[in-house]
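What follows is a set of notes on a single structure, which appears directly below.
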Amino acid sequence: MVTTTPLEAELLEIAGAVPDPELPVLTLQELGVVRAVHAHGTDTVEVELTPTYTGCPAIEAMSLDIERALHAHGVRDVTVRTVLTPAWSTDDISAEGRRKLQEFGIAPPRVQRTTGPVPLTLGTTRTLTAPPVQCPHCGSADTELLSRFSSTACKALRRCLACREPFDHFKEL
Amino acid sequence: MTADMTLDATTRTAALALGDDALVLSHRLGEWAGHAPVLEEEVALANIALDLLGQARVLLSMVGDEDELAYLREERAFRNLQLVEQPNGDFAHTIARQLYFSTYQHLLYAELAAAEGPFAPLAAKAVKEVAYHRDHAEQWTLRLGDGTDESRERMRRACGALWRFTGEMFQPVAGLDVDGTALEAAWLASVTAVLDRATLPVPEGPRTGAWAAGAGRQGLHTESFGRMLAEMQHLHRSHPGASW
Ligand SMILES: [Zn+2]
């Protein structure tokens with residue numbers, strides 16, 4: 001068990017308060033991508049950051065923003081390290097993060113909490129067991145998929161059949 | 001980034017094979033930019049290409065400098081499957097290539113994720129991304145196969161044309177601790193089920209002919225790969241050190 005010092009907790013909060021470069025309504029803490037902060041003395045800090053998608057281009061912007069925020073707080077030497085394990089999941093988005101997504105017009109990812117290492121819930125030979133995606137505008141569960149990939153890899157484009165509005169859905173990962 | 005010397009040589013060889021698969025297919029899919037049949041597909045293929053590029057970067061970083069590996073190697077030093085280097089052809093060809101490869105990659109990564117080996121961290125992450133690639137390919141196969149006469153005929157032709165490149169996926173790769181026979185059986189069952197549902201025939205003919213003399217994993221590539229590589233490496237070789 002690694003203990004977190006009060007300084008580390010404070011710096012973690014600062015790093016976590018950085019807004020996500022692609023979805024600025026969310027902080028990195030709400031997105032669940034800042035894993036840990038390790039302080040060596042008061043001047044040298046290492047931050048563990050995990051990517052949402054392996055190829056997520058935002059990771060470099062996130063790293064720079066974290067470095068900037070910690071420098072502004074007086075930390076001289078900041079290293080942001082990318083960690084893959086455990087793999088990020090949309091289940092890591094906080095309840096507050098989900099609420100903000102919804103408010104922003106993006107249907108939040110459904111909670112999976114699957115047991116077993118690799119959930120196979122997609123595709124023609126597999127069945128989708130998750131509850132329906134609800135329209136973030138009117139709350140209707142009667143929505144259809146328009147495209148599996150929207151403006152970014154993490155979103156799909158759907159349309160509400162009740163209010164007819166198209167909307168983005170943050171896909172489960 | 002320099003090679004991860006804590007990894008043994010066979011692990012690095014395997015990382016090169018998997019990394020080259022992802023890199024080369026990513027580049028092929030990128031060639032659709034500006035040419036995809038509809039805007040949604042343009043975005044979808046670009047997103048799949050980006051996922052693959054991310055995987056390639058992680059894998060190639062296990063071997064050495066990712067830029068050097070991508071841009072300064074000769075054709076014979078690439079270890080990717082011949083399947084992924086096949087030209088895009090029409091949209092049906094691209095979808096058939098996606099169906100064959102993403103089904104393989106999804107099954108393979110699921111197995112690597114469940115094992116404790118050096119590929120588990122990446123595989124655990126990538127398997128969830130690849131699940132969407134596989135779903136995308138399966139849905140398009142159904143739509144084109146069970147579509148118009150024209151789309152069905154094109155999809156049938158594409159599945160048939162790429163069939164001979166599918167055997168190579170199940171050849172043993174040193175450093176990859178997977179049961180090739182079981183992987184092949186699972187792949188065949190899945191692809192057969194999708195083709196059945198799409199009212200497409202399972203192609204006949206050998207799945208091995210193309211690589212009888214050794215293939216992509218041994219550095220032997222098909223004709224169009226050289227041209228693809230020239231295009232991919234041209235900028236970097238002309239402007240060494242330029243960043244993007
Ligand atoms: Zn609605």
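When cysteine pairs in the protein assembly as shown are screened for C-beta atoms closer than 4.7 angstrom, the residues that find no partner are A:56, A:154, B:159.
Counting Cα-Cα pairs of chain A in 5 Å increments starting at 0 gives whole-percent bin shares of 1, 8, 15, 19, 17, 14, 10, 7, 5, 3, 1, 0. The calculated Kirkwood hydrodynamic radius for region A:6-82 is 12.2 Å, given to one decimal from all distinct C-alpha pairs. Close amide-amide hydrogen proximity is noted between residue A:143 and A:161, each under 5 Å apart and 5 or more residues distant or on a separate chain (H modeled in the peptide plane; Pro and chain starts excluded).
Against chain A, whose longest principal axis is taken from its Cα atoms, helix A:6-16 shows a tilt of about 40°. Per residue of chain A, the DSSP helices (runs of n ≥ 4 H) give a summed -39500 (n - 2.57) that works out to -6500 deg cm²/dmol at 222 nm. Since only A:64, A:34, A:51 are under comparison, the one whose Cα sits farthest along the positive direction of the charge dipole of chain A, derived from C-beta charges on Lys, Arg, Asp and Glu, is A:51.
With respect to chain A, whose longest principal axis is taken over its alpha-carbon atoms, helix A:58-72 is tilted by about 40°.
Using Cα-Cα distances under 8 Å and only pairs 6 or more residues apart, what relative contact order does chain B have, in percent?
Relative CO of chain B lands at 25 percent.
Accessible area of residue A:40 (1.4 Å probe, protein heavy atoms only, ligands and nucleic acids ignored): about 110 Å².
Only Cα sites of chain B enter the Debye sum here, all with the same form factor; the resulting log10 I(q)/I(0) across q = 0.11, 0.17 1/Å is -0.55, -1.38, listed in q order.
Each other residue within a Cβ distance under 11 Å of residue A:44 adds +1 if Lys or Arg and -1 if Asp or Glu, for a net charge of -2.
Calculated from DSSP H runs of 4 or more alone, at -39500 (n - 2.57) each and per residue, what is the 222 nm mean residue ellipticity of chain B, nearest 500?
-21000 deg cm²/dmol
Near residue A:169: Cβ cut-off under 13 Å, other residues only, Lys/Arg at +1 and Asp/Glu at -1. The net charge is +3.
Residues whose amide H falls under 5 Å from that of residue A:150, counting only those 5 or more places apart or on a different chain, are A:155, A:156, A:157, with hydrogens built in the peptide plane.
Helix B:9-30 and the longest principal axis of the Cα set of chain B meet at an angle near 50°. Buried between A and B is an accessible area of approximately 2700 Å², summed over both sides with a 1.4 Å probe. Within the shell of other residues whose beta carbon sits under 10 angstrom from the beta carbon of residue B:70, the net charge comes to -3, with Lys and Arg scored +1 and Asp and Glu -1.
Using a/c under 1.5 as the rounded threshold, could you call the protein assembly as shown rounded, prolate or oblate? The axes a ≥ b ≥ c are square roots of the C-alpha gyration tensor eigenvalues, and prolate needs a/b larger than b/c, oblate otherwise. It comes out oblate by the Cα gyration axes.
Using alpha-carbon pairs under 8 Å, 6+ residues apart, how would you state the relative contact order of chain A in percent? Computed over chain A, the figure is 17 percent.
The values are calculated or read from the model by the stated rules, or taken from the named source; none is laboratory data. Not measured: the values here are computed from a predicted model. Here the Cβ is made from the backbone with ideal geometry for all residues, glycine too, and neighbour counts use every protein chain on show. Note: accessible area is taken over every heavy atom of the protein model, side chains too, but ligands, DNA and RNA are not part of it. Shrake-Rupley method; radii C 1.70, N 1.55, O 1.52, S 1.80 Å.
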